Structures are given as C-alpha cells and as structure tokens.
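The values are calculated or read from the model by the stated rules, or taken from the named source; none is laboratory data. Remember, predicted model here, so these are calculated numbers, not experimental data. Glycine also receives a Cβ, built like all others from the backbone with ideal geometry; neighbour counts cover every protein chain displayed. SASA here: full protein model, heavy atoms, side chains in, ligands and nucleic acids out. Shrake-Rupley method; radii C 1.70, N 1.55, O 1.52, S 1.80 Å.
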Amino acid sequence: MNWRRVAPYLFPLTVAVMLVGLALLLHARGYVSTSNLDLQGRTLLSMDGLIRFENVITAFPPVPYISAIVLSYVVPTGGTTGLTALSAGLAGMLVVAWFNAFRINGLSVLEACAASAALGLNPVFLRAATEGVGFVAIHWGLWLTALGTVGLRRGERVNDLMLVSVGLALMAFAHPFGLLLVFASLPFLALVMPPDRLRTAPIPMYLMLLFPFGFSLFAFMYVNWIFAGDASAFLYTISREAAGLGADAQIAASEPTWRTFAITAISLFAVSPVLLAFFMAARGMGPLRYAVLAIFATLLSGIFLSQAFGFFPSVSLAASLGITGAAACVARWPINRLNRVELNLLSAGLIGGTALVFIDTAPESERWKAAVMNHTVADSDPELTGLARALSGKSNVLFDAEAVPAVIALRSGTDGIWSGDTQQFRVASIRQRTDADMLVVRNSGSGLGSDRVGRIFPTLYESGATGYRLKYDGARWRVYEVSEEGQR
C-alpha cells in the first residue's frame, strides 16, 4: 500500500467518522427522525411478512426502503440505530468524495482538507446527515448532477452526460422532495446544454439526459400497474412521515408561505455564499455562470414546488442542498480562477449554517437541536408514542399497521399484531366481526380519513364495540380492549 497516497485521505475519513459518531450520540440522547421511525416500522412489517410482496415493490420512495431491508438482513438487530449509522455513513462518504474531487481539480491537501471540513461540518449538513437515508441520497444525486452540470456546457463529454442522468434518477427515487427537484430542474437543463445541440437537436439532448430517470419511472409505473392495478398507485403511498415531515396534525402549523420561501432563498445564500461569489466571478465565462445559475434555480424551484405540494422538509434541510451545490462548483471550477477569498467563503457558510439551524422552528429541527444541546428530546408524535405504549406487550391486536408504521418501530416489533395482510384481518373483513383482544381504529374525521379497520367497523371510533372498553383515546387514534364481559 502506498501510504503517501493514502495519508491525505485520513482527514476526510476522520470527518466521516465524526459524522457517524455524532449521529449515534444524538440517537443515544433520544433523537430518531420521523422518516427513520416510519422506515424502520415498514421494514419490520416487511421482514415479518405483514406486508404483501406487491405492496413492498410498489412503495415509494424505493431507495431508502430497499436499503433498510438489505440492512435488516445484514444486521437483523440494527433497528433505528443501524439506519442512523447508515445515513451518517453515506454522508461521510460524500465528504470523502468532495475531498477527492477537490484534489483532482488541483487544490493542495491543506486547501482540500479545509474546504471539506467547512462543508462537511456545516450544521445544516450535519442536520441532513442525521435525517435519514433518503435525504442523504438526494445529496448524492445532486452532487452527481451538479458535477455534470458544471462540466457539460464547457465541453460535451459522455461522463458529464452520465453524471447528470444518474444523479437525476437517484434524486427522483430517494425522497419525495428529490422527485420534485428533478421536475424543477427540467427547464434549467437547457442552460447547460452545448449551444449547438440546443439549437439543432434539443429533444434528443433532453432524451439522453433524462433517459435513466424516464426509463426507471415508467418501469416503476408499470410494476404498479401490474401489481396494484393503477400506474400511479405509488403516489398514494407517500406519507408525511415517510417524507420526514412529522404527524398530519402538524399540517396546519406548517403550511407553506411566501415568507417561508423568501427565508429559504436567503438561507441558500447564507449557507453557501460561494455560489453567489462564483456567479459574480464568472464574468466572461458563460458556461460556468450558466451552470451556477442552473444549480441555484433548480434548488429554488424545487423548494417552491415542495411548498406547493406540501412536501417542504424544513428551512435548514432545504438549505443544506446548497452545501452540495457549492462543493460541486469548487470541484469543477478552473483552478487558476480559484483564490483565497472564494475558498474562505466556504468557512463563512459555517456561520450562516449555524444561525439558520437555530432559527429553524420546524418540529423535527427543534428535536434535533434539543439532542445536540443534550436537552430532553420531545416525541416526534406524542399521540403515536402513546398508541405504541398502549399496544406494548399486547397480543391479538387488530391494527392496520401499514397506515402508521412508526407505531411498530416505537413498539419495537410486530408480535401480536394482526395487520391488514394477515389471515385474521382478512377473516374479520369478510365476517364483519373479530375475536381480537384489542381494536385500533383511526378517526374518519382526521386528515387521512378511516383506516382499514375503520372501513370494516364504520362506527367503531365514535361508538366503540360491544364487549370492548376504551383503553386509549387520541385525536386521531383510539384503542378498544376486550372487557371482562366480552371475555366471558
């Protein structure tokens, strides 16, 4: 082994280890993101056979779901700890990729180390690293796309085409926000296409860039059509919890506004001022200026679309993508046009990122900050925590667990659960009655309507059932337990 070549990578690898260590520390202090709770619950249901195969392969987004299932096979006892380590590990690998790209572009070891640390230790990137596999995969997809974007117009190369194509496909299937980012990028891809191709063959150029994404999307829709009878069925499997947005009770409190959009746009500048600096410094270098504009415009448009469709993650998470965009610009910027002022702006982004994390009032961000400061971490959803506590250690529970998988993760297993795809649940659906010891039902007046138990017993939530008494009463969920009279 050539230690002289390996030695420079010890620093970015140390940063990667620090990311994993921080994520595990926050997990030990009680912080588990909503998306990881949802993902762990779905994984437990899948591994124990409580979700049908067709529901597994048609679920969206597939990248984190498949990753969690594979991790569960490799480390069966990993749980949310394993998911936390996996997402932080992927974020650490991204920092190493940044360092490698900086060195290839001509930065010295010291400069590449400083730039990698300034980006990788930015608080908003730390926040993203602990959010979950899906959001870190968006960063990876954006990194590949931005690398190809910066290089594409400067000289049409097959590598740049492949980077953009693969990056777009990865973002689309990693997270609902990533899918919106891909659609937001479509008009701005024209900015980075070679001018002669844009004039003579724009459609073939678009087809080359979008082929992996389009092929994967149509294949996924075909699978949904075959197994679910509806090509768009996967759209109905997207939940706020899967997107890391928290409980549906928080929808009203998190309605997007122009104020939120403006704050997020300003935040992008605050955490990655180097993007603005590069845009200004690219005077006379049209391809580079268009590339920076395309990256920034894509992020802004994706934020706007996510607010319009109700999938805006949080100000700090959205702004964290500016970190990856800035890294791609540094990695592809002509080395003779780089100078200390522009590289120092990466460090200035640390101040902006720190301030942004502290002004971000999203519920998930508040929980993250509490864990960082070693304060008591609030439950991601107190009602679901209470529901999981009510079901802990119980058996013969008729429960549409697929409607709220986080409860299974909070309960730490599926033992005793009769979920929607079990024989007991199907018999109850046919007979319109059940021998379950506990019934769990969702309020039909909640934002998501009745669950499958509520559709079998339409009056259960409001009126209960003969032989059962109310055990847990929530705004969205109720649990009825068989009474002594019911047992007799």
query: Give me the Kirkwood hydrodynamic radius of segment 27-70 in Å, from all C-alpha pairs, to one decimal place?
result: 11.1 Å
field: Segment Q424-V158, extension gain: residue separation times 0.36 nm, minus the distance between their alpha carbons
entry: 90.2 nm
Sorted peptide list for 299-310, 7-18, criterion being average Cβ within 10 angstrom, highest first: 299-310, 7-18
task: List, largest first, the extents of the alpha carbons of the chain along their principal axes, each in whole Å.
output: 85, 52, 51
query: From the phi of every residue in segment 94-105, what ³J(HN,Hα) in whole Hz does the Karplus formula 6.51 cos²θ - 1.76 cosθ + 1.60 yield, where θ is phi - 60° and glycine or proline is x?
result: 5, 4, 4, 5, 4, 4, 4, 5, 5, 5, 4, 6
- prompt: So what's Rg/Rh here for segment 5-146, counting alpha carbon atoms and using the Kirkwood radius for Rh?
  reply: 1.04
field: Ordering of 117-130, 54-67, 374-387, 37-50 by packing [mean C-beta count within 10 Å, highest first]
entry: 117-130, 37-50, 54-67, 374-387
5 Å binning of all Cα-Cα separations within segment 91-200, expressed as whole percents from 0 upward: 2, 12, 18, 20, 19, 16, 9, 3, 1, 0
- request: Please state, to two decimals, what the Cα-based radius of gyration of segment 360-488 comes to when divided by 2.2 N^0.38 Å (N = residues).
  value: 1.15
task: Subtract the Cα-Cα distance of Y236 and R455 from 0.36 nm times their separation in residues, and report this length gain in nm to one decimal.
output: 77.1 nm
- request: Give the residues of segment 405-441 whose amide nitrogen is closer than 13 Å to a point set 7 Å from the Cα of R469 in the direction of its Cβ.
  value: none
field: Förster-model FRET efficiency, 60 Å R0, S108 and S412, C-beta, rounded to 0.05
entry: 0.75
- line: The local net charge around A297, scoring Lys/Arg +1 and Asp/Glu -1 for residues other than A297 whose Cβ lies under 15 Å from its Cβ, equals +2
message: Per residue, how big is the convex hull of segment 391-436 when only Cα atoms are used? Give it in Å³.
response: 63 Å³
field: Degrees between helix 176-185 axis and first principal axis of the chain (Cα, 0 to 90, nearest 10)
entry: 40 degrees
Paramagnetic reach from T14 in segment 119-158 [backbone N under 13 Å; point 7 Å along Cα→Cβ]: none
query: Add -39500 (n - 2.57) for each DSSP H run of 4 or more in the chain, then divide by its residues: what number comes out at 222 nm, to the nearest 500 deg cm²/dmol?
result: -20000 deg cm²/dmol
task: Multiply the residue separation of F218 and A190 by 0.36 nm, subtract the distance between their alpha-carbon atoms, and state the gained length in nm to one decimal.
output: 7.8 nm
statement: Sorted list, accessible surface of protein heavy atoms, 1.4 Å probe, largest first, for E131, E366 is E366, E131
task: For segment 46-62, take each phi angle, set θ = phi - 60°, evaluate the Karplus expression 6.51 cos²θ - 1.76 cosθ + 1.60, and give the result in whole Hz per residue in order, putting x for glycine and proline.
output: 5, 5, 8, x, 8, 10, 5, 4, 5, 6, 6, 7, 9, 6, 10, x, x
- prompt: When N counts the residues of segment 157-230, how does its alpha-carbon radius of gyration compare numerically with 2.2 N^0.38 Å, as a ratio?
  reply: 1.22
query: Per residue, how much accessible area does the chain show when a 1.4 Å probe rolls over the protein heavy atoms, in square angstrom?
result: 43 Å²
- request: Using label points projected 7 Å from each Cα along Cα→Cβ, tell me how many nm separate N336 and I359, to one decimal.
  value: 4.0 nm
